[in-house]
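So the structure is just underneath, and the comments pick up after that.
Values in this text are rule-based calculations from the coordinates and carry no lab data. The shown structure was predicted, so the numbers you read here are calculated from the model rather than taken from an experiment. Heads up, the Cβs are rebuilt from the backbone with ideal geometry, glycines too, and the neighbour counts pull from every protein chain shown.
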Amino acid sequence: MPSNRPATPKKTTRLRELVRRKDIAFLMEAHNGLSAKIAEEAGFDGIWGSGLSISAALGVRDNNEASWTQVLEVVEFMADATTVPILLDGDTGYGNFNSMRRLVRKLEQRGVAGVCIEDKLFPKTNSFIRGTAQPLADADEFAGKIRAAKEAQDDPDFVVVARVEALIAGHGMDEALRRAELYRVAGADAILIHSAQRNPSEILGFKKEWGDRLPVVIVPTKYYTTPTEVFRECGFSVVIWANHLMRSAITTMQATAKQIFVDQHLRNVEEKVAPLQEVFRLQGEKELEQAEKLYLPKQGAPARAVVLAASRGEELGELTAERPKAMVPIAGKPLLEHILASYRAAGIKDITVVRGYKKAAVEAAGVTFVDNDDYAKTQEIASLKKAFAAAEGACVVSYGDVLFKKYIAQKLTDHEGDFVIAVDAQWQDSNNRGRLADYVVCSRENTKRALLDDVTLRDIVNDPDRKGINGEWMGLLKLSDRGAKVVKETVDALDAPGLASLKMTDLLRRLVTAGHTIHVVYSTGDWLDVDSLDDVLTGSTFS
Ligand code: SPV
Ligand code: MG
């Protein structure tokens with residue numbers, strides 16, 4: 001996924017500003033790309049990459065059981081998924097000053113805006129587990145680590161927070177203040193003063209003594225009942241809500257897992273869990289869809305067909321007494337099956353069939369049926385409108401009584417035009433049979449040159465005596481995404497009588513009149529418009 005990081009201001013600059021500004025700032029915990037995105041969407045200006053939550057999400061303990069490069073991988077996903085700055089909980093820096101330098105460089109490379117390190121020993125334990133039993137790092141050694149971090153950073157705005165664990169470990173306020181001062185002198189951008197007490201007296205006492213020497217960050221996980229107003233009034237710089245997305249996920253996941261285990265079905269949870277559409281939205285599915293349109297070849301090439309099969313086909317007499325023409329058997333299977341086979345062979349698998357007359361008799365596997373129940377009073381465009389209401393976008397439209405070889409559909413889809421029709425240059429054949437046909441006048445007849453030139457439609461008529469006829473329209477029309485949109489708009493603009501009376505040929509004429517270019521692909525034969533019993537017999541030899 002492309003980066004959505006804004007060019008300016010940089011994430012590092014924004015984190016520095018959050019830490020330094022007069023107003024209190026809030027960081028929300030996240031432990032993977034998804035929770036980071038959720039934190040940002042909730043409105044937080046920054047994210048806490050919590051060591052506890054990341055390790056919990058990985059199924060391990062908060063004791064450096066996940067390696068630092070594994071944490072780096074996670075925080076990189078978080079940075080890629082968000083635009084707000086991330087302050088990573090870097091535990092003790094995963095080693096000495098040298099590990100710390102490398103960590104800072106790697107975090108900068110991965111778009112992480114800052115790191116917080118605590119003055120404990122590697123491997124550390126979470127501060128709320130046997131806190132007083134945990135040895136602290138030598139204060140001078142830790143100050144050297146801070147200095148190394150600050151000198152390793154390339155970006156002057158990268159933030160290094162020094163976390164003082166003296167209160168957690170039971171060393172008292174003086175030791176906390178002494179350490180904080182050492183770390184300030186070493187170059188820390190802020191001090192995180194941590195406390196495991198259920199009331200805020202320790203951190204308030206620290207802030208009172210410390211004053212404004214450096215911004216102070218707090219984590220009120222244990223003293224959570226303290227009104228935020230107190231923190232604001234005392235001039236704390238940043239409040240970290242350190243683990244609450246992870247903990248809420250645990251509660252919900254436990255409830256959902258239990259419910260499904262007990263029920264052995266999904267009905268009781270479906271309404272309570274995020275819809276799949278929400279999952280796709282959070283993943284940025286829309287962006288990919290748009291990018292595909294930009295970057296994939298054959299933009300708008302239809303992978304969809306619409307077969308207009310609503311009419312009876314009275315001309316076939318008794319054959320269509322109980323079924324529409326599309327279901328009349330030819331060579332052992334319904335006409336519609338032949339059409340579907342040609343489309344599928346041409347790579348078009350998403351096929352919508354519009355039914356009308358004797359719709360219960362229309363059967364086919366793997367297609368979408370749409371019904372035009374007004375089939376007796378309407379023409380083809382009313383059926384097309386029903387199909388467009390079910391699915392939009394590029395498609396090939398054809399009739400339920402026209403057989404064609406797969407290459408004809410392929411030629412249409414290969415053409416990049418918005419409107420493309422298939423034309424049989426051997427039009428005299430059908431004329432000789434004396435049947436009603438749709439003759440076309442084109443910009444060029446089907447000569448060798450027509451292969452090189454773009455041939456376009458000028459007119460479409462039923463009169464075989466019209467001058468300049470170049471072929472017969474086979475009833476196949478390809479629409480690109482744009483073409484389908486134009487047709488949909490044209491059809492939607494019709495009033496009820498206009499819609500009821502419009503045929504496909506009327507639509508083509510309208511498009512030409514409106515100035516749209518309808519491209520022509522020629523072939524000779526290899527299709528059949530089933531109009532008579534004779535055709536049914538001919539069709540039995542059509543393959
Ligand atoms: C974390 O979120 O991993 C922290 C804060 O370090 S705490 O768990 O309170 O130590
Ligand atoms: Mg931690």
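State the Cα centre-to-centre distance between the stretch 18-83 and the stretch 459-513 in whole Å.
Here the two parts' Cα centres lie 58 Å apart.
What FRET efficiency comes out for Ala360 versus Thr83 if R0 is 41 angstrom and r is the Cβ-Cβ distance? Round to the nearest 0.05.
Numbers: r = 55 Å, r/R0 = 1.34.
So, using R0 = 41 Å, E works out to roughly 0.15.
Could you tally the net charge around Pro324, taking each other residue with its Cβ under 11 Å from the Cβ of Pro324, Lys/Arg +1 and Asp/Glu -1? Can you show the working numbers first?
Details: positive: Arg312, Arg323, Lys325, Arg355, Lys358, Lys359; negative: Glu314, Glu322, Asp401.
Net local charge, Pro324 excluded: +3.
Let me have the relative contact order for the chain, percent, based on Cα pairs under 8 Å that are six or more residues apart. Please list the in-between numbers first.
Working: 1010 pairs, mean separation 59.8, N = 543.
Worked out over the chain, it gives 11 percent.
For the stretch 285-542, just run the numbers: alpha carbon Rg, then divide by 2.2 N^0.38 Å, N being how many residues it has. Display every interim value, and only then the final one.
Details: Rg = 17.6 Å, N = 258, 2.2 N^0.38 = 18.1 Å.
Rounded to two decimals, the normalised Rg is 0.97.
Tell me, what are the semi-axes, in whole angstrom and largest first, of the equivalent ellipsoid of the chain as set by the roots of 5 times the Cα gyration tensor eigenvalues?
74, 24, 19
Please list, or write none, the lysines whose alpha carbon is within less than 23 Å of the alpha carbon of Lys208, excluding same-chain residues fewer than 8 places away.
Cross-link targets: Lys22, Lys222.
Report Rg (one decimal) and Dmax (nearest whole number) for the stretch 11-251, counting Cα atoms only, units Å.
16.0, 43
Taking loop as defined by DSSP and a crowding limit of 13 other beta carbons within 10 Å, which GluC sites (Glu not before Pro) in the stretch 33-77 fit?
Glu65
Arrange the following residues from fewest to most other Cβ atoms within 10 Å of their Cβ: Thr456, Thr378, Thr251. Show your work: numbers first, answer last.
Working: Thr456 18, Thr378 21, Thr251 9.
Fewest-to-most ranking of Thr456, Thr378, Thr251: Thr251, Thr456, Thr378.
Can you tell me the FRET efficiency between Asn98 and Arg61 if r is taken as the Cβ-Cβ distance and R0 is 35 Å, rounded to the nearest 0.05?
Approximately 0.90, to the nearest 0.05.
With 22 Å as the limit, write out which pairs from Lys293/Lys386; Lys385/Lys405; Lys10/Lys207; Lys333/Lys359; Lys406/Lys488 have Cα-Cα distances beyond it, or answer none.
Values: Lys293/Lys386 26 Å; Lys385/Lys405 26 Å; Lys10/Lys207 30 Å; Lys333/Lys359 17 Å; Lys406/Lys488 26 Å.
Pairs exceeding 22 Å: Lys293/Lys386; Lys385/Lys405; Lys10/Lys207; Lys406/Lys488.
Can you give the angle from 0 to 90° between the axis of helix 11-20 and the longest principal axis of the chain, with both taken from C-alpha atoms, to the nearest 10?
Here the helix axis deviates by roughly 40 degrees.
Can you list the aspartates and glutamates whose alpha carbon is less than 15 Å from that of Lys258, not counting same-chain residues fewer than 8 positions off?
Output for Lys258: Glu270.
Any chance you could check the Cα centroid distance between the stretch 176-202 and the stretch 309-325 for me, in angstrom?
If you average the Cα positions of each part, the centres end up 87 Å apart.
Grab the other residues whose beta carbon is less than 15 angstrom from that of Arg101, score K and R as +1, D and E as -1, and report the net.
After counting each charged neighbour, the total is +1.
Specify the angular offset, from 0 to 90 degrees and rounded to the nearest 10, of the alpha carbon long axis of helix 33-42 from the longest principal axis of the alpha carbons in the chain.
90 degrees
Compute the signed sum of charges (Lys and Arg +1, Asp and Glu -1) over the other residues within less than 11 Å, Cβ to Cβ, of Lys207.
-2
Could you give the spread of the C-alpha atoms of the stretch 30-82 along their three principal axes, from largest to smallest, in whole angstroms?
Sorted from largest, the Cα extents of the stretch 30-82 read 32, 16, 14 Å.
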